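The values are calculated or read from the model by the stated rules, or taken from the named source; none is laboratory data. Being a predicted model, the structure only gives us computed values, none of them experimental. Here the Cβ positions follow ideal geometry from the backbone for every residue, glycine too, while neighbour counts run over all protein chains shown. These accessible areas exclude ligands, DNA and RNA; they are computed on the full protein's heavy atoms, side chains included. Shrake-Rupley method; radii C 1.70, N 1.55, O 1.52, S 1.80 Å.
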Amino acid sequence: MRMTRLRGPEGERGAVVVIVVLLLVAMFGMVALTVDVGGLLSTRRSLVRGVDSGALAAAQSCAGTTDVANAPSRATAFVQSNVPAASVTQYQAEGCGTESAGVVLVGAETEQDLPFAVVLGFPRSKTVTATARALWGPSTSANVLPIEFPVDEFGTLPCLVESEGPDCSYWYDPSNDHDVTNSSNYGFLNLDDNGITNDPNAACPAAGSSELRDWILETQLVSLNLNDLPTYICFTGGHRADTWFDALASRAGDDEPESFPINDPDLMVRTTGKEKAYVIGFFSGYIQEVLRGNDPRATGTPAQSGDCRVDHTFQAAAPPTSYDTWDLDQAPCLSGINADSITNLELRKGGTRFVRGIDYSYNSSTHVITWLRTQTVTDVRITFDWYQGGTAGACGFHSPDPNAVCVTLEYQGAIFNGGGPCTDCPDFGTRGVRLCDPLGEPPDSPCAAP
């Protein structure tokens, strides 16, 4: 029988080399997949965060009025804060600084090195790109104080009629100034959960002064319903206590603006026990002063008028250098009165009526009579009518009322407050922003363009 010789280990050496090479190639592939692809995904995530934050930052600038010019640079800064080597390749903004609602697009790119993939014949680097859109518009939610601001008969807010900066004021008086049946409910709102409703017929619970104080010190979030259901907030009493007044006065002079619900008086509910504000938006402004309703600074001084009769002796004139004069403001009947105008001035002595321009002259600005006759005349009867125009208080002209409140504010342009935006809501200067949904927006949404 013929024996076959078995090979020794030396005969397998070539196969081992092939296996090792194949394993090394596989290992490099795994490293390339793990390191390079992982790096691409990480850079992509960072770049997405960058364009998201850049779009939101630009939208915030566009939503306001004081930082509009910096919108592009803010977008770049936020992109590069996430990916320092990234460059902004796209920036488009529709309505920035000119419209109450709009959209901004931010696109960026960066290069990602692929140190291991090149061994397998792939490119040494790859360009990573990302885009994001952000929408701004009138805010649909805000952390508010429990005080409503009503629009006028034209649907406008007095604080917004003038240009930015001037003061505006609101007078809250329990004497039914706000057309609610219960005179104790005249401007304060119940921000508890059961005080906010979509049902105009819901009963309105009362909130006490301590709750009002807490809501003033810690503002409450209110969101508008955008599903064709109105948002009502119940009016509440509790306005007579000093606790809430002191809390509200403490908000005056804050560096941050305060937000208030806007009420449409034409749509509010006036049914007794169910009085509700119809909230259509939010306004943000800086509280300057909170005054009681019996403070003259709040109520102003009403106009006054009357008539005077006074006797005065005029000394003989010695032309051309010496003339006797008398200031009508010194008349006893004008004591304490700073007359704005004097009319129907007449000078008589018995049956003699002295003629202006011949017997005397009169300066209507200074209220000074100059005697022109060269004879002294005693007990000249002077009669006239006077008028003193009123001086408006911080809240105009009102009868003093210790239970009333005067709030003065300053509007400094559209203010971003972080609430979600609405593209077709009334604009009262309080704006919100959000990112557009990359998975799709309604066809009529500004997010669908550009």
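Miscellaneous remarks
- When you filter the trypsin sites (Lys or Arg not before Pro) in the range 239-283 for DSSP loop state and at most 15 other Cβ atoms inside 10 Å of their Cβ, you are left with Arg240, Arg270.
- Label sites at Ala69 and Thr127, each approximated as a point 7 angstrom past Cα along Cα to Cβ, lie 3.3 nm apart.
- Taking all protein chains together and a 1.4 Å probe, the residues Ile147, Ile280 rank Ile280, Ile147 from largest to smallest accessible area.
- In plain terms, the chain from Tyr387 to Leu439 could stretch by 11.6 nm, reckoned as 0.36 nm per residue minus the Cα-Cα distance.
- Computed label-point distance, nm, for sites Arg44 and Ser250 using a 7 Å Cα→Cβ extension: 5.2
- Note on the range 309-439: antiparallel DSSP beta bridges, both residues inside, total approximately 90 percent of the bridges counted.
- Nearby aspartates and glutamates by direct alpha-carbon distance to Lys349 (threshold 16 angstrom, same-chain neighbours under 8 apart not counted): Asp311, Asp359, Asp379
- In this label model, Thr98 and Arg353 are separated by 6.6 nm, measuring between points 7 Å along each Cα→Cβ vector.
- Accessible area in the full protein assembly, largest first, 1.4 Å probe, for Asp424, Asp152, Asp173, Asp167: Asp424, Asp167, Asp152, Asp173
- The heavy atoms of Thr271 offer some 80 square angstrom of accessible surface to a 1.4 angstrom probe.
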